[in-house]
Amino acid sequence: MTLPRPATKEDMPRVLELINELAVFEKEPEAVEISCSDLERDGFGELPKFKCFVVEVENKVEGLALVYPRYSTWKGKALHLEDLIVSKACRSKGLGTQLLDTVVKYGKAIGVKRISWEVLDWNEPAIAFYESKGANVMRDWDVVQLDENGINAYLKNIN
């Protein structure tokens, strides 16, 4: 196992495989719309939209953490952890801890006041993991989203 490192464009095919593995785990295998070329363009273009860290086991990417900047009206500069994924074959080997450590160090280095992310309420192993690291799992908050269809319907109703 190697220490986490910044992902490269060449890692994106494997990153997409892990994203799809997560979608299956979260019972939404058809929900992934993004392509490898989207990841390459959005993560490695002129104005990268995200930063990705990967960890390898025997020269194969087996985990990733993808983050992007946010801004809090209460705290200021913040970081959002979109996904922390470890392949099913490599769970419980410390990769998740290494990736989270890397994200927290990165957040501190860029001066954020908060790092935030979501976790499914039924994913008790992940919740226990995050709480063991000192994270505050805010069970009284609900995630609110408008997907592409919701955006279109919303705009249709205001025009």
*What nm value, rounded to one decimal, do you get for the distance between Arg5 and Glu17 when each label is placed 7 Å out toward the C-beta?*
1.7 nm
*Report ³J(HN,Hα) in whole Hz for each residue of region 96-106, in order, from the Karplus equation J = 6.51 cos²θ - 1.76 cosθ + 1.60 where θ = phi - 60°; Gly and Pro get x.*
x, 4, 4, 5, 5, 4, 5, 5, 5, 4, 4
*How far apart, in nm, are two points set 7 Å out from the Cα along the Cα-to-Cβ line at Glu82 and at Met138?*
2.1 nm
_Could you list Met12, Met1 so that the one with the fewest beta carbons within 10 Å of its beta carbon is first and the one with the most is last?_
Met1, Met12
*Compute the label zone of Arg114 within region 30-66: residues whose backbone N is under 14 Å from the point 7 Å along Cα-to-Cβ.*
none
*Which entry in [x] 8.9; [y] 9.9; [z] 11.3 matches mean projected area of the Cα convex hull in nm² derived from the coordinates of this structure?*
[z]
*Dipole magnitude (debye, nearest 20) for the chain, charges at Cβ of Lys, Arg, Asp, Glu*: 880 debye
*To the nearest Å, what is the center-to-center distance of region 1-45 and region 111-135, using C-alpha atoms only?*
20 Å
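Every number here is computed from the coordinates shown, using simple stated rules; none is lab data. Values in this document were obtained by computation on a predicted structure and should not be read as measured data. Using ideal geometry, Cβ is built from the backbone for each residue, glycine included, and neighbour counts are taken over all protein chains shown.
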